[in-house]
Amino acid sequence: MDLVPHFRTVLSSLRLLPGRALVAVSGGADSLALLDLLVGTQEVHGLELVVAHVDHGIQPESAAVATRVSEAAARLGLRCLIGRLGLAARFPNVTETIARAERYRWLRQAAEAEGAHYIFLAHHADDQAETVLLRALKGSGVIGLRAMARRRGMLVRPLLEVPRTVLAAHVEARGLTPWDDPANADRRHLRSWLRHEVLPLVRERVPRVDRHLRRTARDAARGAEAWDRALDLLPGLDLRVEPDGLSVAAPALAGYDTTLAGVVVRAVTRRAGGVVGPRHAARAVRLAGRGQSGQWLQLGGGWMAELAFGRLHLRRWSRLPAPDPALIEGASGELPWGGWRLLWRMEPAPVEQSRSALTAWFTAAGLLVRPWRRGDRIHPLGGTGHRLAVRCFQDARVPLGRRARWPMVEAEGRLAWIPGVCRSDQLVPSPGSEALRIDAHFA
């Protein structure tokens with residue numbers, strides 16, 4: 001395999017949007033190869049790369065590895081984020097599953113804090129074959145056997161067709177020094193046992209087993225893709241993209257055959273970038289049919305379902321507290337805040353402003369972004385009197401579960417703007433005058 005041309009082709013096919021991206025670098029050969037390839041193809045992806053390293057705190061030398069990764073990033077002129085999880089102190093018996101869950105949780109939190117659109121991961125062809133076999137052994141359904149995708153949500157895996165040996169050769173040719181995690185050779189971990197004992201024996205009898213396992217993943221992925229396309233054809237489902245997930249018409253979903261409705265919930269969650277099992281999907285269907293507006297439930301895997309205003313919302317579950325207040329200062333800038341991204345600059349004010357837009361103009365800077373508070377009131381643009389912010393949220397059909405992390409823009413102690421919900425009549429500039437324009441984007 002000619003690695004670099006293959007990598008360029010894969011990146012082009014992903015059609016990634018410009019912005020910031022984390023590169024998860026463990027210090028091993030696979031992730032060092034990924035980082036080297038991404039740095040060498042900057043003109044293809046056009047992303048601002050930030051190295052992200054997770055120090056699990058399990059191996060004695062983990063702190064030294066973190067230092068090595070940080071130094072490697074510095075040599076490339078990249079920032080490096082270090083997540084020190086201290087798992088050995090937090091968990092009496094740290095399993096592979098716990099370490100993986102904590103790693104992904106930290107990576108997502110880091111991406112949110114950085115305003116990053118993507119997290120690059122170095123999973124390769126050998127990992128893919130192992131994952132299919134692991135899931136089969138654990139009783140995964142057909143959809144689960146699709147294993148890993150090149151891109152799923154914000155996770156990007158551009159090396160899934162590249163064998164481990166090719167990556168190792170690239171690292172050696174580039175003079176990079178990888179760190180071999182002892183856990184990768186520890187047979188107590190199921191994946192390591194399969195990698196070092198089971199698969200070598202199977203390959204003796206079935207030399208093409210890796211190719212067969214990857215073909216199983218491709219066939220399962222095609223099945224998932226078929227269901228994804230069917231979502232847009234189902235009558236009455238009314239699938240809508242939300243800032244942090246997807247939603248469907250609850251009455252229509254509840255009216256489907258129970259088995260079909262459960263499969264639809266799983267397919268909708270997959271489109272949003274998550275995975276939900278059949279038991280939790282059935283609970284979501286019952287919520288759609290019998291629940292009350294405002295009720296919600298956790299679906300496992302970091303996902304939740306909420307019934308609001310006749311729609312079932314499926315989105316990622318966040319345990320993060322509401323962000324701290326932050327100032328909007330200067331004539332231009334950018335602020336990541338609670339999963340949102342606020343950008344501002346000076347420009348002439350328009351003749352009119354929309355009350356419910358995601359863009360607003362103000363006569364002054366020094367505005368404060370803060371979380372929603374119960375009892376918040378706003379004087380709507382073009383309205384009379386003050387109105388409770390909660391009523392504005394209800395009019396805009398914003399589910400209760402999303403309100404705690406919705407940005408509220410305050411000026412001089414009074415609520416001036418709820419992006420996408422309500423603009424106040426405060427600090428409204430005259431048409432054509434120089435004003436501060438603020439755009440709110442859900443990251």
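The values are calculated or read from the model by the stated rules, or taken from the named source; none is laboratory data. It should be emphasised that the depicted structure is a prediction, and the values quoted were computed from it without experimental measurement. Don't worry about glycine lacking a Cβ; one is built from the backbone with ideal geometry, like all the others, and counts go over all protein chains shown. We work out accessible area using only protein heavy atoms, side chains counted, and drop any ligands, DNA or RNA first. Shrake-Rupley method; radii C 1.70, N 1.55, O 1.52, S 1.80 Å.
Restricting region 220-246 to residues that are of a type in the set (D, E, K, R) and open to solvent by 80 Å² or more (accessible area, probe 1.4 Å) leaves a set whose member that is nearest to ALA288 (Cα to Cα) is ARG240.
Could you count how many residues in region 38-48 are open to solvent by 10 Å² or more (accessible area, probe 1.4 Å) and within 20 Å of the chain's Cα centre (by Cα)?
First, the residues of region 38-48 that are open to solvent by 10 Å² or more (accessible area, probe 1.4 Å): 39-40, 42-46, 48.
From what's left, within 20 Å of the chain's Cα centre (by Cα): 45-46, 48.
Residues flagged as open to solvent by 10 Å² or more (accessible area, probe 1.4 Å) and within 20 Å of the chain's Cα centre (by Cα) within region 38-48 amount to 3.
Where strands (runs of 3 or more DSSP E) fall entirely within region 342-422, those with at least 1 residues that are open to solvent by 40 Å² or more (accessible area, probe 1.4 Å), out of contact with any Leu (no Cβ under 7 Å at 6 or more places or on another chain) and over 22 Å from PHE442 (Cβ atoms) are at 414-418. Counting residues in region 258-274 that are among the small types (Gly, Ala, Ser), open to solvent by 40 Å² or more (accessible area, probe 1.4 Å) and either without any contact (Cβ under 8 Å) to a residue 40 or more places away in the chain or closer than 24 Å to ARG150 by Cβ (or both) gives zero. Looking only at residues in region 188-210 that are surrounded by 12 or more Cβ atoms within 10 Å (Cβ to Cβ) and basic (Lys, Arg), the one that is nearest to ALA99 (Cα to Cα) is ARG191.
If you take just the strands (runs of 3 or more DSSP E) that sit entirely in region 1-95, which of them hold at least 1 residues that are on the phi > 0 side of the Ramachandran plot? Full working, then the answer.
Working: elements: 19-24, 47-55, 80-84.
The strands (runs of 3 or more DSSP E) meeting that bar are 19-24.
Residues being among the charged types (D, E, K, R), surrounded by 18 or more Cβ atoms within 10 Å (Cβ to Cβ) and under 19 Å from VAL198 (Cβ atoms): count how many of those fall in region 128-156. Number of matching residues: 2. Among VAL69, VAL23, which is within 24 Å of TRP340 (Cα to Cα), open to solvent by less than 30 Å² (accessible area, probe 1.4 Å) and not acidic (Asp, Glu)? Of the residues listed, the single one that is within 24 Å of TRP340 (Cα to Cα), open to solvent by less than 30 Å² (accessible area, probe 1.4 Å) and not acidic (Asp, Glu) is VAL23. The set of residues in region 206-226 that are farther than 20 Å from THR269 by Cα and of a type in the set (Asp, Glu) contains only ASP210. Every test in (1) closer than 30 Å to ALA261 by Cβ; (2) buried (at least 18 other Cβ atoms within 10 Å of the Cβ); (3) in contact with a Ser or Thr (Cβ under 8 Å, 6 or more places away or on another chain) is passed by PHE309 save one, and that test is (2).
Please go through region 162-193 and give me each residue that is outside any helix (DSSP H, G or I) and either touching a residue at least 40 places away in the same chain (Cβ under 8 Å) or under 24 Å from VAL25 (Cβ atoms) (or both), ordered by number.
Pass one, region 162-193, residues outside any helix (DSSP H, G or I): 162-163, 174-181, 186-189.
Those that are outside any helix (DSSP H, G or I) and either touching a residue at least 40 places away in the same chain (Cβ under 8 Å) or under 24 Å from VAL25 (Cβ atoms) (or both): VAL162, PRO163, ARG174, GLY175, LEU176, THR177, PRO178, TRP179, ASP180, ASP181, ASP186, HIS189.
Residues in region 280-306 that are of a type in the set (Gly, Ala, Ser), crowded, with 18+ Cβ neighbours inside 10 Å and over 24 Å from the mean Cα position of the chain (by Cα): ALA288, GLY291. Among the residues of region 307-325, those identified as within 17 Å of the chain's Cα centre (by Cα) and at pLDDT 85 or above are HIS313, LEU314, ARG315. Return yes when LEU76 is in contact with a strand residue (DSSP E or B) (Cβ under 7 Å, 6 or more places away or on another chain), closer than 26 Å to LEU167 by Cα and either touching a residue at least 24 places away in the same chain (Cβ under 8 Å) or exposed (fewer than 15 other Cβ atoms within 10 Å of the Cβ) (or both) and no when it is not. Taking the combined requirement at face value, the residue does not satisfy it. Scanning region 105-127 for residues that are more than 19 Å from GLN59 (Cβ to Cβ), open to solvent by 20 Å² or more (accessible area, probe 1.4 Å) and not in a loop (DSSP other than H, G, I, E, B) turns up ARG105, ARG108, GLN109, GLU112, ALA113, GLU114, ASP126.
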